[in-house]
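The values are calculated or read from the model by the stated rules, or taken from the named source; none is laboratory data. Bear in mind the structure is a predicted one, so any value in this text is a computation, not a measurement. Cβ placement follows ideal geometry from the backbone for every residue including glycine, while neighbour counts extend to all protein chains displayed. Areas reflect the complete protein model, heavy atoms only, side chains present, ligands, DNA and RNA absent. Shrake-Rupley method; radii C 1.70, N 1.55, O 1.52, S 1.80 Å.
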Amino acid sequence: AAPARPACRVAARARRSVAPPPGRGSVARAAVDAPGAEVPPLSDEVAAILAEQGIDFERSGLKYLPNEARLRALDRKSAKFEKTKNEKCGSHMWQDVAELAALIREGKTSWADLDLDEVDVRLKWAGLFHRRKRTPGRFMMRLKVPNGEMTSEQLRFLGDCIAPYGADGCADITTRANIQLRGVTLEDADHIIAGLQERGLTSFMSGMDNVRNITGSPIAGIDPHELVDTRALCHELNAAITSNGAGNAALTNLPRKINIGISSSRDDYAHCHINDVGLKAVRDPASGEVGFNVELGGYFSIKRNVMSISGDTFLTQEQVVPYCIALLEVFRDHGARDDRQKARLMWLVEAMGVDPFRAAIEQRMGQTLRREVHLAYDDEWVRRDVLGVHAQKQEGLFWAGANVPAGRMLAADFHALADAANKYGDGSVRFTVEENVVIPNVPEAKLAEMQAEPIFQRFPIHAGPLLRGLVSCTGSQFCPLALIETKNRALEVVRELEAQLDIPATVRIHVTGCPNSCGQAQVGDIGLMGAPAKLDGKAVEGVKIFLGGKIGENPDLAKEFQKGVPADPAILVPRLRDLLISEFGAVPKGAAAPAG
Ligand code: SRM
Ligand code: SF4
């Protein structure tokens, strides 16, 4: 029998010579399994393979896989990531990160000495993404911010986390209304994780094959047009999936990532159409009850980009959490694990069929679900822009939506936002999937003073028609997969276009550094996707241009319009300027608007 390879060789050596570091296990002790999660019994066949391969299933999320799925996961020919999981499941990192950090602080090891899989893959279970290619030794820490909602205390803590990293420390609001901290070192990670957990946040289960940040409405609870306040559902679902942020071994080894969005109104602020699971608030015309129609399978990837399809299911609000947990278990136990390009939820729904897929969930829930509610609205609903100042459903109160250029935030910004939220609002903010921020519950009398604050000169409440619609992924500044630099270029291009043109309405430009489309190029009115291009016969950074994305009640994906366009602003600006004039009614500054 082949001996088990220690997954973290240096740490394993060091462990033999040192007593456990003080404080170790504060996070580990909190890590528990999902309440009521049953571990399927081990078949003799699987037990024999485990023994033969010397695989340690203790504490491992893999033990929750049924025998059939365990066999597939144990197949040495299966996808690289499944092999890495098998050798030592990433869920171990919920405990090991504290130990690794302590050993580094004691000078007994360094990130560079650790096993590659440990540093570059398994730490992602704890939300730590090593940026080896761009900033070696520095990690991006991805949080979970259900419904994008955050308190001023949490904001201040995040600012304090990145401040010590100086020029290396910054953060981004993500396209899942989430926060990613940058510049983090492994030796600090356990303290940051403990601080997050003390404040009701977590970074656990935010990467690899886990459920991503659960998105809702950024104006939940204050929106005069909402059918339901999505906040409690997002928080409850996140708590159930992550075991209150401590890590949940039962749901941590899915075949692939999975996105869940919950929309509150016809605006579909959560973009249900591009989520693996989209829950769209609807009022059942027959009963008057407000619940959710389920959409399934929307996703983007290098190989396939697809909008969700109807799951032909209506959920009451009480059914949302049990439904999603049952769905995740079905996905975990039956989803494909061999080919990561065919592992997203849509492939399973297509393989099973919508009705059998629902039946499998019903079986786990032990109840029959209603079919989707069919609605016929007799008016057209234009998705509302949450930026700017808007009256809430609460008399005399307003929300202010501020544009955070390309979603980038510095330590001081967290503090300034926290101060503003406390001074003018109720001490909370909400992030949006467009990488912006909303300050809710501002009394009318305080609006003018608030808007004059320096932070809202930096993050304008009344941004221009392109800046307010700009979304950008991380790009080559930090992302190893990027083909182009995104955020800085996007800001330069947009500012130049706004200087040149009068643009009659917001144009949503989505910039993404590669075909994974984290910046959702297919969602924009205009999408720019990093791609190869040539200039004077030489390879240069380029983009594909997409056109025509629609969001809201009747969504559609933007289609590829041009490819091989050099991404140099000197070329990109005139190209986009022409498009803005021909397709979006823009006119050169100073020129008379066309008649009619
Ligand atoms: Fe993403 C991988 C950043 C939203 C599709 N994404 C990555 C990685 C982790 C690549 C890597 O190994 O470094 C990027 C980290 C870069 C960094 O340092 O920030 C990354 N994705 C992001 C973020 C930060 C973009 C942003 O600037 O906002 C978003 C984080 C969301 C969050 O809070 O969790 C982000 N990623 C998305 C979205 C948009 C969405 O969720 O609406 C998509 C397309 C929708 C989807 O997933 O269906 C997306 N990211 C991907 C994919 C392609 C997935 C696939 O099935 O093939 C990858 C690559 C992969 O998973 O293999 C990827
Ligand atoms: Fe990185 Fe590509 Fe995602 Fe942009 S789209 S963050 S470049 S993986």
Margin query: Restricting to the range 175-192, name every residue that is under 20 Å from Ala240 (Cα atoms) and in contact with a Phe, Trp or Tyr (Cβ under 8 Å, 6 or more places away or on another chain).
Written below: Ala177, Asn178
Note to self: Considering only residues that are of a type in the set (S, T, N, Q), closer than 11 Å to Gly401 by Cα and surrounded by 19 or more Cβ atoms within 10 Å (Cβ to Cβ), which ones fall in the range 430-474?
What the structure shows: Thr432, Asn436
Notebook entry, point to check: How many of the residues in the range 137-148 are open to solvent by less than 40 Å² (accessible area, probe 1.4 Å) and outside any loop (DSSP other than H, G, I, E, B)?
Noted result: 7
Next item on the list: Residue by residue through the range 86-136, note down the ones that are part of a helix (DSSP H, G or I) and within 16 Å of ligand 2 (Cβ to nearest atom).
Entry: Asp120, Lys124
Notebook entry, point to check: Does Ser517 fit the bill of being within 16 Å of ligand 1 (Cβ to nearest atom), buried (at least 16 other Cβ atoms within 10 Å of the Cβ), among the hydroxyl-bearing types (Ser, Thr, Tyr) and not in a helix (DSSP H, G or I)?
Noted result: yes
Notebook entry, point to check: Out of curiosity, is Ile526 more than 15 Å from ligand 2 (Cβ to nearest atom), open to solvent by 10 Å² or more (accessible area, probe 1.4 Å) and either β-branched (Val, Ile, Thr) or free of Cβ contacts under 8 Å to residues at least 60 places away in the same chain (or both)?
Noted result: no
Next item on the list: Pairs only if they're at least six apart or on different chains, beta carbon under 7 angstrom, first in the range 534-552 and part of a loop (DSSP other than H, G, I, E, B), second small (Gly, Ala, Ser); list them, first residue then second.
Entry: Gly548/Ala558; Gly549/Gly524; Gly549/Gly527; Gly549/Ala558
Checklist line | Some residue of the range 404-413 being under 23 Å from Ala220 (Cα atoms), within 16 Å of ligand 1 (Cβ to nearest atom) and in a loop (DSSP other than H, G, I, E, B) | finding: yes
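To keep it simple, each residue is scored yes or no on (1) surrounded by 23 or more Cβ atoms within 10 Å (Cβ to Cβ); (2) aromatic (Phe, Trp, Tyr); (3) away from ligand 1 (no atom under 13 Å from the Cβ); (4) closer than 24 Å to Gly388 by Cβ.
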position	(1), (2), (3), (4)
Ala194	no, no, yes, no
Gln197	no, no, yes, no
Gly200	no, no, yes, no
Val211	yes, no, no, no
Ser217	yes, no, yes, yes
His225	no, no, yes, yes
His235	no, no, yes, no
Check: Do we have Pro532 as under 26 Å from Arg344 (Cα atoms), open to solvent by 10 Å² or more (accessible area, probe 1.4 Å) and in contact with a strand residue (DSSP E or B) (Cβ under 9 Å, 6 or more places away or on another chain) here?
Finding: no
Checklist line | Every residue from the range 368-379 that is touching a residue at least 12 places away in the same chain (Cβ under 8 Å) and exposed (fewer than 15 other Cβ atoms within 10 Å of the Cβ) | finding: Arg371, Leu375, Tyr377
